[in-house]
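Working notes, beginning with the structure itself.
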Amino acid sequence: GRAMPDAPAIGLGTRMVYDYRALAMRAAKIAGGLRAGGMKAGERVAIVAKNQPDYAALMFGVWHAGLACVPVNAKLHGAEIGYILDHSGARICFVSKDMETEVAAHAPKSLERLVVIGGAEYERLLSGDATGIAAANGSDLAWLFYTSGTTGRPKGAMLTHRNLNWAAHAYIGEVDETRPGDPILHAAPMSHGSGMYMLPHVARGGVNIVPESGAFEPEEIFAQIAAWPRLSMFAAPTMIKRLVDSKADCRVENIRTFVWGGAPMYVEDIHKALDRFGPRLAQIYGQGESPMTITVLSKQEVADKDHPRWLERIASAGKAYSCLEVRVAGADDALLAPGEIGEIICRGDIVMAGYWKNEEATARTLANGWLHTGDVGAFDEDGYLTLKDRSKDMIISGGSNIYPREVEEILLKHERIREVSVIGRPDAEWGEVVVAYVVGEATEKELDALCLSNIARFKRPKHYVFVESLPKNNYGKILKTDLRERDAKEKRHG
């Protein structure tokens with residue numbers, strides 16, 4: 001706030017809302033109100049809010065007061081939100097106007113106050129006294145990041161100030177060079193990956209922008225690109241695909257970087273995105289436990305079509321960031337040779353301190369000082385990591401291993417196929433058979449011919465199921481577990 005008081009800090013749609021002076025003052029007043037209300041260093045404050053201009057002021061206000069932040073995905077069910085509030089022991093929760101009833105209905109006894117953002121109590125907080133910044137150590141808890149657990153309850157990854165500092169530097173240094181005034185658009189939830197990227201932009205005096213509609217609308221995104229030169233954005237592959245498919249005009253020269261993550265992007269889709277947006281795409285691979293930072297594929301590498309191994313590289317998740325050690329490991333975390341498939345593990349100052357109130361999961365996940373990601377992959381000779389399907393998604397048919405992604409890549413070459421997900425269906429004779437769920441218009445004959453001319457015969461789907469849509473989680477990731485359950489039901493009733 002002191003160094004660049006008049007520089008824009010927060011935008012909504014195509015206009016500026018606060019400069020850095022106003023953002024710093026809001027954070028200091030929120031901090032003052034929290035401390036005056038009796039909050040002690042290290043206690044947790046939850047934010048259950050859709051993306052909005054005050055998200056940054058709230059998070060920085062919590063840190064300014066020496067407290068820990070618990071940003072909660074606003075798309076969760078009230079019962080799931082209630083669990084996180086209870087588990088984290090948050091005493092105060094800031095909530096979006098339209099979510100107050102839902103959160104109140106599931107709020108645990110440990111929650112003392114529900115403050116509606118923009119409501120009367122919130123305004124009182126902002127009209128109180130500012131306070132000085134509380135001292136904090138690098139090892140203090142800063143962000144309690146609840147992972148969307150595929151099995152059981154979500155776990156709270158404890159991210160310290162040191163973790164967040166490393167994540168911010170990793171972004172500026174290896175993903176997206178950020179200069180004062182550079183904007184980032186938060187079209188994905190600020191409670192997760194996009195919110196992590198708020199930090200490097202504040203560190204460098206950039207602008208954090210929230211879409212006005214709160215939804216992901218390509219035309220609106222293109223209008224924001226036109227209004228904010230050098231704009232970056234973090235997106236799931238499905239979001240980038242929607243931008244590529246949109247017929248609306250886009251001023252591509254205003255895009256600094258589109259960073260995708262959360263799931264690999266299909267090679268076919270990368271081709272189309274490069275054709276539409278030019279050399280402005282980078283990929284990251286990480287998870288809440290090593291926030292957004294395990295491997296990275298830079299803009300230069302994504303765009304380097306002349307490289308002899310370009311196709312392999314864009315199908316990979318890139319190379320390890322310089323701030324941590326990444327290995328593909330076998331039994332006892334032993335290093336595997338290039339080409340060998342094993343679990344991806346990593347260690348370094350960016351890795352979480354552990355899981356909140358869950359010593360058992362912490363001991364298991366951080367065994368031997370390495371973060372065990374649960375993801376499966378292989379490095380090539382040049383240090384590029386390719387993610388393989390998680391072991392539970394791999395199909396074993398007639399004793400042969402089939403990776404669904406390999407089959408999906410081929411089916412997506414058909415110009416009338418929009419989405420596809422390949423799963424294994426239990427089969428008495430083969431163990432499993434390959435089944436493809438397809439969104440789009442094509443005949444089985446055409447898809448069969450495509451597979452036969454591109455991949456081994458045993459990998460091609462035995463059955464095609466044409467559907468209107470595929471089951472997805474809040475981040476647009478296709479849920480194979482749900483698809484397998486649905487497939488089993490339909491097979492029984494079929």
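The values are calculated or read from the model by the stated rules, or taken from the named source; none is laboratory data. No experiment lies behind these values; they were computed from the predicted model shown. Using ideal geometry, Cβ is built from the backbone for each residue, glycine included, and neighbour counts are taken over all protein chains shown. Remember, those area values only see protein heavy atoms, side chains included, never the ligands or the DNA or RNA. Shrake-Rupley method; radii C 1.70, N 1.55, O 1.52, S 1.80 Å.
Structure values in brief
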| quantity | calculated |
| --- | --- |
| For region 197-248 versus region 78-136, the gap between their alpha-carbon centres in whole angstrom | 28 |
| Region 178-275: Rg to Rh, with Rh as the Kirkwood radius over Cα pairs | 0.94 |
| Net charge contributed by nearby residues that have their C-beta within less than 12 Å of ALA28 (K/R +1, D/E -1) | +4 |
| For region 411-480, size of Cβ-based charge dipole, Lys and Arg +1, Asp and Glu -1, in debye | 240 |
| The chain: angle of helix 20-36 to the longest principal axis, Cα-based, in degrees nearest 10 | 70 |
| Of the trypsin sites (Lys or Arg not before Pro) in region 172-271, those whose Cβ has at most 10 other Cβ within 10 Å and which sit in DSSP loop | LYS247 |
| Equivalent ellipsoid semi-axes - Cα gyration tensor, the chain, angstrom | 39, 25, 23 |
| Region 165-205: Cα Rg divided by the 2.2 N^0.38 Å rule of thumb | 1.05 |
| Spatially proximal lysines relative to LYS50 (Cα-Cα < 29 Å; intrachain offsets below 8 disregarded) | LYS29, LYS40, LYS75, LYS97, LYS109, LYS155, LYS241, LYS247, LYS357, LYS472, LYS477, LYS480 |
| Accessible area in square angstrom per residue, the chain, 1.4 angstrom probe | 43 |
| Neighbourhood charge, 15 Å Cβ-Cβ cut-off, centred on ALA74 and excluding it, Lys, Arg +1 and Asp, Glu -1 | -2 |
| Simple spin-label estimate for ALA79 and CYS323 in nanometres, 7 Å along Cα-Cβ | 3.8 |
| Rounded to 10°, Cα long-axis angle of helix 218-227 versus longest principal axis of the chain | 50 |
| Around ALA329: net Lys/Arg minus Asp/Glu count, Cβ-Cβ under 15 Å | -2 |
| Theoretical ellipticity at 222 nm over the chain - DSSP helices of four or more residues, -39500 (n - 2.57) apiece, nearest 500 | -8500 deg cm²/dmol |
| Cα Rg, Dmax, region 377-429, angstrom units | 13.5, 41 |
| Convex hull volume per residue in cubic angstrom - Cα atoms of region 353-494 | 188 |
| GLU485 versus ASP382: modelled label distance in nm, points set 7 Å from Cα along the beta carbon direction | 4.2 |
| On Cα atoms only, tilt of 480-493 relative to the major axis of the chain in degrees | 50 |
| DSSP bridge pairs, the chain: antiparallel proportion in percent, nearest 5 | 55 |
| Protein accessible area in the chain, 1.4 Å probe - carbon and sulfur % | 51 |
